[in-house]
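First the structure, in the form of structure tokens, and then the observations on it.
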Amino acid sequence: MQLAERSLGYDTRFGRGFISGVFAVALSALGLGGVLCLRFPSLLTTPDARALYPLDLVRFLIHLHLVAGFGLGVLSVLLSRRTLLGLSSVGLVVVAALLGGSQAPIGTLGGTRALGLDWFLLNVLVLAMLFVPLERVFARIPEQGIFRPGWLTDLAHFGVSHLLVQVTVLLTLVPAALFFRWAVHPGVQAAIASQPAPLQFLEIVVVADLSEYAVHRLFHAVPFLWRFHAVHHSSEAMDWLASSRIHLVDAVITRALAFVPLYVLGFSAGPVYAYLVFVSFHAIFVHANVRFRFGGLERLLGTPKFHHWHHATAPVDKNFAIHLPMIDRLFGTYWMPPEFPATYGIAGHPVPRRYAAQLVWPFTRRS
Ligand SMILES: [Zn+2]
Ligand SMILES: [Zn+2]
């Protein structure tokens, strides 16, 4: 007899109340998050984004999430003898309803200190809708479910980095303006900004990846920096969510340094924003649990297999670039066997598994 895999005490096979329960909790939590954003916009939403939200659509989506969360929660309780997930989701919907549900009045606006709960909700929604089905249909390791070991740790990384988006963006942009204003030349900047946008975009990809390569290699080579970057390499399962396991210090320093040449060269805002969208999707995609092969294109553009080898237990210190494998070929760090690596993570598993412990670990003696 085939033994059922279990999680939270649930039988995880289809039709046993686990999948409906997990979706119920996810949908109700997203719905409740939306209601909280309506009620406490000053505290929980990013000021720059507030004016851009189509409010009717937002309210409709919240409504949809709460109704679906409630329905699936009830279904989960009916299907399973366990009630943890089903009742939790119903509880979340009740709290959301008490706060006014999808028709909750908008709270007072003001102040600029805010957590990016809206940014977090938006990203969970879009990325999960994109990557969860992709990884189910084209899985490289089909046995590795959505809720593989370590997924909660990665979700915590994802949550905190999105909630703190305003602080991290500020810390990314300010050092360049503070320390590298001397390197700016108005004539050079004008010449660069006058080029066609698509050309600027391609130049940004090359420039940003070159500096990202250098900073990334530094994080591997300098022991004090490696402690922070080791957190990213501690993932033993690769998927879209594993991409967010990055220590805040690693994320801020890497982005701040990679941004310096873009600031000094003075690219126009449009191509820079286009690059930010591109890099956020590409950096997630290369971690995904997908078996795609790209033939000749693999030598040109960073693919999941290329970055998966960066995360391999052995050999180490290969494939530092994100977008352009050519940079690794240039500097002798390119590694691309025909197959995907067999194991991921750091030999000896030095990094603790829980989120809070990972945050503190680089600062401790034991690291
Ligand atoms: Zn690395
Ligand atoms: Zn990675």
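The values are calculated or read from the model by the stated rules, or taken from the named source; none is laboratory data. The structure presented is a predicted model; accordingly, all values stated were derived computationally and were not measured. Reconstructed Cβ throughout: ideal geometry from the backbone, glycine too, with neighbour counts over all protein chains shown. What goes into the accessible areas is simple: the full protein's heavy atoms, side chains included, and nothing from ligands, DNA or RNA. Shrake-Rupley method; radii C 1.70, N 1.55, O 1.52, S 1.80 Å.
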With no solvent and one point per C-alpha, what does the Debye sum give as log10 I(q)/I(0) for the chain at q = 0.07, 0.08, 0.10 Å⁻¹? -0.36, -0.47, -0.73
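With contacts defined as alpha carbon pairs under 8 Å and 6 or more residues apart, what's the relative contact order of the chain in percent?
On the way: 527 pairs, mean separation 57.1, N = 367.
16 percent.
In the chain, what percent of the accessible surface is made up of carbon and sulfur (1.4 Å probe, ligands and nucleic acids excluded)?
On the way: 13820 of 19200 Å².
Carbon and sulfur: 72 percent of the exposed surface of the chain.
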Keeping all protein chains in the complex and leaving out DNA, RNA and ligands, what accessible area do you get for residue 336 with a 1.4 Å probe, in Å² to the nearest 10? 40 Å²
Specify which residue in the list 169, 187, 200 is farthest towards the positive end of the charge dipole of the stretch 54-213, using unit charges on the beta carbon of Lys, Arg (+1) and Asp, Glu (-1), about the Cα centre. 169
Roughly how many Å is it from the Cα centre of the stretch 120-185 to that of the stretch 280-346, as a whole number? 19 Å
Local electrostatic count at residue 307 - Lys and Arg +1, Asp and Glu -1, tallied over other residues with Cβ under 13 Å: -2
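Report, in debye and to the nearest 20, how large the dipole of the chain comes out about its Cα centre when Lys and Arg carry +1 and Asp and Glu carry -1 on their Cβ. Write out the running numbers ahead of the final one.
Details: 27 positive and 18 negative charges, 145 e Å.
Using Cβ point charges on Lys, Arg, Asp and Glu, the chain gives about 700 debye.
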Quick check for me: using +1 on Lys/Arg Cβ and -1 on Asp/Glu Cβ, what's the dipole size of the stretch 17-171 about its Cα centre, in debye to the nearest 20? 240 debye
Over the chain, with neighbouring protein chains present, the accessible area per residue in Å² at probe 1.4 Å is 52 Å²
Give me the compactness ratio for the stretch 284-367, meaning the Cα radius of gyration over 2.2 N^0.38 Å. 1.25
Dipole magnitude of the stretch 59-147, debye to nearest 20 (Cβ charges: Lys/Arg +1, Asp/Glu -1, about Cα centre): 120 debye
Projecting the Cα atoms of 221, 312, 364 onto the charge dipole of the stretch 214-367, where Lys and Arg contribute +1 and Asp and Glu -1 at Cβ, the residue farthest towards the positive end is 364
Identify, among 43, 96, 77, the residue whose Cα sits farthest towards the positive end of the charge dipole of the stretch 35-115, taking +1 on the Cβ of Lys and Arg and -1 on the Cβ of Asp and Glu, with the dipole about the Cα centre. 77
